[in-house]
Structures are given as C-alpha cells and as structure tokens.
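Asks: Sharing a structure below in structure tokens format, with a few things to ask.
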Amino acid sequence: MNKPANQPNQSANAKHTGPPEDAKTGYGQRSEHMTTSQGAPVRDTDHSLKAGPRGPVLLQDHHLREKITHFDHERIPERVVHARGAGAFGQFTSYGTAESICAAGFLEPGRVTRVFSRFSTVVGSRGSSDTVRDTRGFATKFYTEEGVFDLVGNNIPVFFIQDGIKFPDIVHAAKPHPDLEIPQAQSAHDTFWDFVSLHTPAQAHAIWQMSDRGIPRSFRMMEGFGIHTFRLINAQGNSCLAKFHWKPKLGVHSLTWEEAQLTSGADPDFHRRDLADAISSGHYPQWELGVQVFPDDGSESFEGIDLLDPTKIVPEELAPVQPLGLLELNENPSNYFAETEQVAFHPGHLVPGIDVTNDPLLQVRLFSYIDTQLSRLGGPNFSQLPINRPHAPINDTFRDGMHQQYIHEGIAPYKPNSLDGGCPFMAEPGSEAQARMVDFPEAVTEAVKERAEPVGFSDHFSQARLFYRSLTAPEQLHVQQGYSFELGKCSSEEVRKRQLQCLANIDEELCASVALALGLPAPQPDEEVKDMAPSPALSQVGQQWPVDGRVLGLVVSPETDLELVRRLKDEAMGLNLRVLLVAADGGKLAEGLPVDRSYLTARSVEFDSILVVGRHRAAPTAKVPLDTKAGAAGDHAGPEMLDPRVGLLLQETFRQSKAVAYTSPELEQDLAKLAIPAGTPGFEHQDAGQAVTWLAGQMALHRVWQRFGG
Ligand code: HDE
C-alpha cells in the first residue's frame, strides 16, 4: 500500500541496501564446507553422477551442470585496448598546495584518499608480454568523499591523434593484421607504420614510443600524464587550465631493447611481478602528483603551444610541475579478476573543482568509456562492483538493469517527486554544496557546425624534434635503433620510405642513421619545421635516484663462505635493495639463505646489478646445460673454466650496461675470455667490504651509461 504523499517512506532517503557483506567477498567463500552456488552442501565434486561407474552421465546432476555452466561463462571480453594490465591499492596524501587553484576536497591539506591504480600496455591481448615496445596506461581511481575521481592517463604525454574520431583508425592499424592476427603486441609491422607515416600528427607520439620510454624498466619507474588540458576551479569559482603529471620517486628508467626481448621469453609477467614483489616486500612505489598551470584567459594556448592539442607538451622549463600530493601503492589486489579486470575507469569521473576542456580527444573519450563497460562488464550496473563503488554515499535514482546488486527502497525514483518526500534532495540554493556542483560557466563562442580543426593542429613535427633534440647521445642512439628495428620489420618499401621522409622533417641525422640501417637513401626534409629550445627534463640520464627495491643478484659459488653471503645479503637489504641469491642448484645454502634462482632459472634481465662471489668453476661432472644458454659461452666449459651459465649471465649484463662487482680478482681472466676487457666501466673487482655500497652507487644512476657511449 502506498504511503500518504506527505509522509516520506521510512526509507525515503532511498538508501541502496544490499545483503550484509564482508568488505571484499560478500557472502562468497564464507562456508567452511563446499556448497553449490545456492548454498546447499556438496558431497562429491570429483565424480559426475552416472548410471554405474562406466555408464553415461545423468542430466539430473545439478552440481555438475551448474559447475560446468559457470565455468563456460568465466571469461568476459577483454578491453579493446589496454587489455593487459596490473593494479594495486594505495593511498593519496594531499600536500594542501592546490588550495588557490582547485576546490577538490581530496586536495585539502593532509587529506588521505584510498586509490586503486592500474598500469597497462595498449596494443597486446590480455595474455601478452609485459615488456613489449608500447605506450603504458597509468590510470588511478581516487575514492574521494565527493565521489570517484579517475585520472586515466599514459606514460607518454602526447597522443597519436588529435580528434577522437581517429581512435578506431590508429587502433586498427596498431593491432595485429586482421588476416592472420600477427604480430601480437607489436608496432613493428606494416599497418602501424603505414598509418603513422600517412597520419603525421602521430609522429610526436611515435618517437616517444621508439625511445627508451616505450620499454619501461618497471611501472614503478614511469611517469604518468593526464595528457589533455583540464580546467581547475577554486572555491571562489576562479579557473585555470592544468596538465596532470605523475613523477615517480625512483626516477624514470627503461629496459634496453635486448632486455625487453629476452624478458618477453624469460618472464612475460615481468612488470606485473615487479610491482607485486615490490609491494609485498615493503618497497612501496611512490609518485608525486603535480600540475602545470596555465591562465584560463580564453586563448587556450601557452607560449604559442595550443593547449587543446593532445599531440603537444608544454616543456617543464616553461611551466614547472607543481607538486600536489603523494601516491603510494601499498596493497596488492586479492583477486585479479574482481579488482584489476573489473575496474572501470572513465575520464568523465570528476569531482567538484576539476572539469574538462574542449580538447577534441578528451571530448570523445567522455562518450567512449561508459559505452565500452556496457559490453565488457555486461550492463549498466558496473559501478556497483566492489572495485568501482564510490566511497561516498550515492543516490542516483538509477534503477534495475542487468546484475543489479542493490535492493532499492522507496517508490519514487524520479525527480521531482512527493511520494518519497522529495528525496533525493538537491543541494540547498546558495549552500556551499550547491556552489561546488556548479558547471563552470565557460563561454562558448557562436560557431558554425563543421568538420574542421584549429590552425595550430597542423604542426606535426616540431614536438617530435623537440623530444629528440632534448635527449642525450646514448638515448638518441636508442631512438635510432628503435626506428631501425621497427621499420626493418616492415615489408613494404613504400611505407619505409614514407616514414623516412617524416624522420627527415624531424631530424636529418636521425633520418640518415635509420636510412643507413634500412639500406635506403636518406630523403631531404620537405617541410619547414619550427625549432623549439630543448627541454632537459625529457632526458632520463644524468641524475641519481633512490635505489629502494632495486634487485641485486648475489651469485655465490659452492665454496663461498656462508657467513660472508649472509653479511652481504644483510648489507644490501639494509640499503633497501632486494636480493636474489643465485647458486648452481636450487634449495637452500643454510638456514635463512634460500636459493632464489639457480643457474638454470637465473637470467640477466631480472637484476639491476650483480655481485659475483667466488670463481664459479664448471664442475667436472657438469651436465650439459638444459637450455639454449649453453651455446653462448659454451667454448669456455670445462673444470678449469668459468661455468658457462655464469659466463652468459656476465656477458648479457655487460651488453645491458649494468654494473657487476666481483670479489675474486682471478675472475678477470675469465672475463677476458668473454670479451669483457679489464677496465670496462662498471665491471670492477671490489673487496667484499665495499662491493655492495659500490653497486648501490652504480644503480642510483640506473645504468653504466658510458658503455653506451654516454
Ligand atoms: Fe583510452 N580507452 N581511449 N585513452 N584508455 C580505454 O576503456 C578511448 C586515450 C587509457 O586500466 C577503453 O575501459 C578512446 C587517451 C587508459 O582500465 C576504451 C580514445 C589516453 C585505459 C578507451 C582514447 C587513454 C584506456 C578500453 C580517443 C591517455 C585503460 C577499456 C578518444 C590520456 C584503463 C576501457 C584501465 C582504456 C577509449 C584515448 C588512456 C575503449 C575512444 C588519450 C590508461 O573505452
């Protein structure tokens, strides 16, 4: 029976009530004993119900049918882009420095907000490798008291396209060829370079991807960028324009291309594992959130750079990044599917104080993300999933739909109503709450409907040039090698030549070196390109960074004094390093000294530096190594020789320009045979007392850059 109109229903506040629940699992997995999904006990889950032990299976076996049917539907569509990812929970602590520019509550001084961050590659399928050359997604969900704020960015500050209508084009070009579905998670193929060389706004993004930024060492060592310009509004209603940045406390570091390729085979989960291991060992990754701020004066540009063009950065030297707070990830997900897979980000999930601009890429994104969740998460109630639920009270008048979790009360989910007492109420006119919800009164100029772009959007090369010319020599060399590899994988000469023409417009030396590698003539530039002052902030080289969570491979031989091993390990852990103990065979050397990697399972790519203790002779009875590692150092096998598996580890580490210390000076003879000459920078004999500190110093620089000619 309906209540009288003027008497609010008991639950007129239209609470969203649901079953009592455990924060994470709800009723799930509460029973000690196995049950059906209806909670009835299950006696046997190992045998289906049959007509006799050898007879046919009976249709009436409900447990069997329920179990198989559920299994048949376990998969959901993977994300159309950013399918492969890893996530973690954490917290954001505000410095309180944003007060004059932004009214968002989570930016108030000292405010701590729970977050979930998901990092991803863009092109590969869900099961593809982590270390492919690609852009990385960096998306963070802030569960603020004013609702969810999603900052859905990338590790590269410019994008391929300027208008969202081109997104299906770039994605179709980058994904595997549609006939055979190869190559997986790669941009080194014809369709990608065909599109990028024709659609030249993509050149600025492509050069970042060909650089070291395309192969990060770790999610913990990536910058993040909101890319688009957003509008911030302060408590007085004044606005400014802003670009968001995440700055990793550990610095920005990358793999070498060889490391990336080896890792794809040795540990395709490298980045996912690195993030989880760092968190579980207490080396919580941290990033500072910052903003570049620009006046909202109607020009929508800064120092001649169009702020609505997402293929352009504003160099930090022109607009410094102002820190707003600290993100720390400190909790691994407890269920990948429920959390990392089902998390649904949206650039339109904003809180009062943060608004969008007319960047045509951002505008299209505002449509796309809800749309994709409808098919990926199976209906309109995806924000009720535990990972997506706001940590603020909600009352949205939305009802029903697939997978509805709430038992809504009240009878009037519409506005205005009198039957539920008018609930939910709107903010009181003139109240602070109402002032915070106001849409920013941006002036919209009278315009003609047309499919057109702003004039400044036609500059496609100046930012690629700016990036390249801001890098140091070894970084530039890596860019040349990146293009040479990728274009070398293109079978169409027409495509290779067209991309060389683009490179000529970016930088003639870059073009010449890639042309040489491809065996093609280097073309002359065919466009006048604006020169910008280099931005040193774009380089990764030349600074020292904290080494927390960096991985030291401690390679010990059977005759090594165990007390020394213990001391070295403790010393390294005291410097906040992660230590992986490598020995000939698995097991443990002594109590508290488990072998983390045997010679068979160790691979150079896992270590940031290596400390070799002892000489590592190949045992007289050494079996032929079981894997392909045998070949590389095979010449040196034999009882008086360095064990070939250690030899390979050292050769790879040498090529990858990582530091190696050895406590036994005799190892130098072995190194010479491996073509690692005495005096190689970053390859040093060190007394056991100094070795760890010396290596930590080398790791603070990330690599021994001199070995790349730096
Ligand atoms: Fe996305 N993007 N995107 N994107 N994007 C998706 O949303 C899309 C763009 C980014 O870890 C999808 O939930 C369009 C820029 C990240 O779950 C989809 C356009 C930037 C993630 C989608 C863009 C991004 C996505 C796929 C052009 C950097 C992963 C699944 C207008 C600022 C989030 C999903 C996660 C995911 C569409 C451009 C970042 C299809 C149409 C620019 C980090 O909706």
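The values are calculated or read from the model by the stated rules, or taken from the named source; none is laboratory data. Note that this is a predicted model, so its numbers are computed, not measured. Cβ atoms come from the backbone with ideal geometry, glycine included; neighbour counts cover every protein chain shown. The area values use the complete protein model at the heavy-atom level, side chains included, leaving out ligands, DNA and RNA. Shrake-Rupley method; radii C 1.70, N 1.55, O 1.52, S 1.80 Å.
Asks: Pairs needed: first member in the stretch 333-349, closer than 10 Å to VAL152 by Cβ; second member anywhere, near the ligand (Cβ under 10 Å from one of its atoms) and of a type in the set (Asp, Glu); C-beta distance under 6 Å; at least 6 residues apart or different chains.
Replies: Here the result reads PHE345/ASP150; HIS346/ASP150; HIS349/ASP150, each pair linking the stretch 333-349 to a residue that is near the ligand (Cβ under 10 Å from one of its atoms) and of a type in the set (Asp, Glu).
Asks: Could you list all residues from the stretch 98-111 that are closer than 15 Å to LEU327 by Cα and either in contact with a Cys (Cβ under 6 Å, 6 or more places away or on another chain) or in a loop (DSSP other than H, G, I, E, B) (or both)?
Replies: GLU108, PRO109, GLY110, ARG111
Asks: If you don't mind, another one. Those residues that are under 25 Å from PHE92 (Cα atoms), open to solvent by 50 Å² or more (accessible area, probe 1.4 Å) and more than 10 Å from the ligand (Cβ to nearest atom), I need them from the stretch 333-389; list them, please.
Replies: Within the stretch 333-389, SER334, ASN335, TYR336, PHE337, HIS349, SER383, PRO386, ARG389 qualify.
Asks: Looking at (1) out of contact with any Lys or Arg (no Cβ under 6 Å at 6 or more places or on another chain); (2) under 29 Å from THR340 (Cα atoms); (3) open to solvent by 40 Å² or more (accessible area, probe 1.4 Å), can you tell me which one GLY137 breaks?
Replies: Going through the list (1) out of contact with any Lys or Arg (no Cβ under 6 Å at 6 or more places or on another chain); (2) under 29 Å from THR340 (Cα atoms); (3) open to solvent by 40 Å² or more (accessible area, probe 1.4 Å), GLY137 breaks only (3).
Asks: Still on this structure: Restrict the check to the stretch 260-267 and report whether at least one residue is open to solvent by 40 Å² or more (accessible area, probe 1.4 Å) and aliphatic (A, V, I, L, M).
Replies: Checked against the condition, which is being open to solvent by 40 Å² or more (accessible area, probe 1.4 Å) and aliphatic (A, V, I, L, M), the stretch 260-267 yields at least one hit.
Asks: Pick out, from the stretch 214-326, the strands (runs of 3 or more DSSP E) lying fully within it that include 3 or more residues that are touching a Gly at 6+ places or on another chain (Cβ under 7 Å).
Replies: In the stretch 214-326, 239-248 are the strands (runs of 3 or more DSSP E) which contain 3 or more residues that are touching a Gly at 6+ places or on another chain (Cβ under 7 Å).
Asks: Still on this model: Considering only residues of the stretch 146-167 that are aromatic (Phe, Trp, Tyr) and near the ligand (Cβ under 9 Å from one of its atoms), which is farthest from SER462 (Cα to Cα)?
Replies: Once the filter is applied, the top-ranked residue is PHE167.
Asks: Is one or more of the residues making up the stretch 162-172 closer than 28 Å to ALA537 by Cα and of a type outside the set (A, V, I, L, M)?
Replies: yes
Asks: Then there's this: Which strands (runs of 3 or more DSSP E) sit wholly inside the stretch 553-621 and have at least 3 residues that are within 34 Å of the chain's Cα centre (by Cα)?
Replies: 578-583, 609-613
Asks: Condition first: within 16 Å of the ligand (Cβ to nearest atom) and open to solvent by 20 Å² or more (accessible area, probe 1.4 Å). Now tell me which residues in the stretch 103-122 satisfy that.
Replies: Selection gives VAL122 alone.
Asks: Taking the stretch 184-205 on its own, how many of its residues are part of a loop (DSSP other than H, G, I, E, B) and either among the aliphatic types (A, V, I, L, M) or over 21 Å from the mean Cα position of the chain (by Cα) (or both)?
Replies: 4
Asks: So, one more: I need a count of the residues in the stretch 622-675 that are at pLDDT below 90, assigned to a loop (DSSP other than H, G, I, E, B) and in contact with a Gly (Cβ under 7 Å, 6 or more places away or on another chain).
Replies: 1
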